[in-house]
Amino acid sequence: MDIAIYGDNTALVEELENLLSEAHQVSFVLDKNETALIFETTIFDKEYKISNLDMISNMALPNAVIISNSNCIKLLDQARYIKKPERLIGMSLFPTFSLNDGLEFSITNFSNVQSIQLVEDAFSQVKKEKFWVQDKPGMINLRLISLIINEAYLVLQEKTSSREDIDTAMKLGTNYPFGPIEWSEKIGIENIYAILYAMNEEFAEDRYRITPLLKEKFLEKLIST
C-alpha cells in the first residue's frame, strides 16, 4: 500500500515511517494517482494541521483515507476542514508511541466502514494490537502518561524528591520504559502541555490542571526555540 506522511515533528514522522516501512511503500509527498493512505501527524498546531488537511483532501484520490493525529484537536473538529469527512480517521501519535504494544484509533459518526477497513488492512502486518476508542483528547495511553507526568512535576515542585529518584522509582515500580520527567522530555514538554490543556478544556476537572512547574518548563522551551 502506498502511504504518505505529513507533520511538523520530524522525530514523530520518522518513528511512524519506521513502523510502517517494512510492510508498505512510505513517502513524504502524496501521489495523486497512487497514495491510498495519508497521515497528518501534527499534534497541537491547529493552523498548520488545517492547512495540511485542506491540501491533502484536495489532492488525494477520492477514496484515499486520511489518518490524523487527534490527541489535542478532536477529530470531529478536524472533519470540518476536509472534503468527504467520512474518510477521516483519528490516531494517537506522539514521540515514543511505537514503544506501546497497542495502537489507538478513533472515528466520528461520519467515518465509513470502507475507511475503517482500509486502516485495519494497512495495520494488519504491523505486530501491534489495535484499539478503537472515543474521540477524546489524549485518547487512553497519552492521557494517562500526561497525568502521571503532571503529577511527577508537582512532586518535583514540592521538593518531595529529586528528578532522578522520581524517574528511577517509577521505572522500577511500574516497568515503564522511562521515568515521568525523562518521558516528558522525550515526548516534548510542549506536547505534554498541549495535551493537558486540551483535556482541561474538554473535561474542566482539577486533575487536568497544569502544574506550575510544568508550565514554567513549557514557557522556557518556547523561549529557547
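Taken together, the values in this text are just the output of simple stated rules run on the coordinates, not laboratory data. These numbers were taken from a predicted model, which means no experiment stands behind them. All Cβ positions, even for glycine, are placed from backbone atoms using ideal geometry, and neighbour counts span all protein chains on display.
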Q: Note down the net charge around Asn71, summing +1 for each Lys or Arg and -1 for each Asp or Glu among other residues with Cβ under 14 Å from its Cβ.
A: -4
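First check a/c for segment 2-133, with a ≥ b ≥ c the square roots of the eigenvalues of its C-alpha gyration tensor; if it is under 1.5, answer rounded, and if not, answer prolate when a/b is larger than b/c or oblate otherwise. Don't skip to the end; give the middle numbers.
Values: a/c = 1.21, a/b = 1.18, b/c = 1.03.
Taking the square roots of the gyration eigenvalues as a ≥ b ≥ c, segment 2-133 is rounded.
Starting from 0.36 nm per residue, how many nanometres of slack lie between Asn33 and Lys171 once their C-alpha separation is accounted for? Mind showing how you got there, number by number?
On the way: separation 138, 0.36 × 138 = 49.68 nm, distance 4.71 nm.
Gain on extension, Asn33 to Lys171, equals 45.0 nm.
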Q. Near Lys127, which lysines are there with a Cα under 24 Å away, not counting those fewer than 8 places off in the same chain?
A. Lys186
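Over segment 141-224, calculate the relative contact order: mean separation of alpha carbon pairs under 8 Å at least 6 apart, over the residue count, as a percent. Don't jump to the answer; show the numbers that get you there.
Working: 73 pairs, mean separation 27.5, N = 84.
Computed value for segment 141-224: 33 percent relative contact order.
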Q: Calculate the spin-label point distance for Asn63 paired with Glu120, positioning each point 7 Å from the Cα along the beta-carbon direction, and give it in nanometres.
A: 1.7 nm
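Mind checking the full-extension length gain between Gln134 and Ser161? Use 0.36 nm per residue of separation minus the Cα-Cα distance, one decimal, nm. Walk me through the numbers on the way to the answer.
Details: separation 27, 0.36 × 27 = 9.72 nm, distance 3.60 nm.
Extending this stretch completely gives an extra 6.1 nm.
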**Q.** Sparse-neighbour loop sites [trypsin sites (Lys or Arg not before Pro); segment 140-173; at most 14 other C-beta within 10 Å; DSSP]
**A.** Lys159
Q | Within segment 128-167, GluC sites (Glu not before Pro) in DSSP loop having at most 12 other beta-carbon neighbours inside 10 Å | A | Glu158
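Note down the relative contact order for segment 78-225 as a percent, whole number, built from C-alpha pairs under 8 angstrom at least six residues apart. Mind dumping the intermediate values first?
Numbers: 152 pairs, mean separation 29.8, N = 148.
Reported as a whole number, the value is 20 percent.
Distance cut-off 32 Å, Cα to Cα: go down the list Lys49/Lys221; Lys130/Lys159; Lys32/Lys128 and report the pairs above it.
Lys130/Lys159
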Q | For segment 1-123: relative contact order, % (alpha-carbon pairs under 8 angstrom, 6 or more apart) | A | 23 percent
Q: Could you order peptides 180-186, 132-138 by the average number of other Cβ atoms within 10 Å of their residues, highest first?
A: 180-186, 132-138
